[in-house]
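Worksheet: one structure, shown below.
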Amino acid sequence: LGLHGPCAAYDTACSASLVAHHGSVRGLQRVECASGLSAGVNMILEPSAMRGNALAGFTSVRGRSHTFDARADGYARGEAIGALACRLGMGDAAVPSRGARTVGSAVRQDGRSASLTAPNGTAQRALLHAALAEAGVAASLVARLEAHGTGTALGDPIEAGSVHAALLQARGEARAPLALG
């Protein structure tokens, strides 16, 4: 492709594509490159890995994720490939090729939580606040959030509570809707 600039591979399980995009944004902000390409691939090639997840109770017995839903009983794995090309524009914001705008980016580790699959609500709130602070955007102006969504009765309420505390609580009674993906 004739690319120049920083290059890195990330393996962070569920968040690798987002962490790769964060790396692209940082490379653009530091003017290490004029454009960035981040891509993610998930291929499930070894059946025993899925068998282990099923035996541990991580996956849905229905074979379908019901994230943020009363039917949540685990997640369903899938294969995917996605890529995002960004360039500098509109100040320091990274502008993906389809016109969306990334103005704030933050990556954190959850730290200690109830279990391997349980999110840490305090860490999630801190991450959301850090991204908002970097972007210089008030929580009330956020219109869309792409969430982790474990699809479990344990993880989803913790994440929803973190989103509520960091983004919705400040909006008051007449709050604008927040689209959640």
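The values are calculated or read from the model by the stated rules, or taken from the named source; none is laboratory data. As the structure is a prediction and not an experimental result, all values here were calculated from the model. FYI the Cβ positions are ideal-geometry reconstructions off the backbone, even for glycines, and counts take in every protein chain you see. Just the protein is used for accessible areas: all its heavy atoms, side chains included, with ligands, DNA and RNA removed. Shrake-Rupley method; radii C 1.70, N 1.55, O 1.52, S 1.80 Å.
General remarks:
- Diagonalising the gyration tensor over the Cα atoms of the chain and scaling each eigenvalue by 5 before taking the square root yields semi-axes of 28, 24, 14 Å, largest first.
- Close amide-amide hydrogen proximity is noted between Gly36 and Cys86, Arg87, each under 5 Å apart and 5 or more residues distant or on a separate chain (H modeled in the peptide plane; Pro and chain starts excluded).
- Amide hydrogen neighbours beyond the local backbone of Tyr75, cut-off 5 Å, H modeled: Thr59, Ser60
- Counting only protein heavy atoms and a 1.4 Å probe, the chain has 64 square angstrom of accessible area per residue.
- Annotation for the stretch 1-27 versus the stretch 108-181: alpha-carbon center distance of 23 Å.
- Theoretical FRET efficiency, 1/(1+(r/R0)^6), r = Cβ-Cβ of Arg62 and Ser115, R0 22 Å, to 0.05: 0.50
- Net charge over other residues, Cβ less than 15 angstrom from the Cβ of Thr67 (K, R count +1; D, E count -1): -1
- With every protein chain in place, the chain: carbon and sulfur % of accessible area (1.4 Å): 56
- Diffusion constant of the stretch 127-173 at 10 °C, which comes from Stokes-Einstein with the Kirkwood Cα-pair radius and 1.306 mPa s, µm²/s: 139
- Segment Arg26..Leu180, full-extension length gain: 53.0 nm, with 0.36 nm per residue of separation and the alpha-carbon distance subtracted.
- Shown in residue order for the stretch 148-159 are the 3J(HN,Hα) couplings computed by the Karplus curve 6.51 cos²θ - 1.76 cosθ + 1.60 at θ = phi - 60°: 6, x, 6, x, 10, 5, 8, x, 4, x, 5, 5 Hz (x for Gly and Pro).
- Per-residue ellipticity at 222 nm computed for the chain from its helices equals -8000 deg cm²/dmol, with DSSP H segments shorter than 4 residues left out and the rest contributing -39,500 (n - 2.57).
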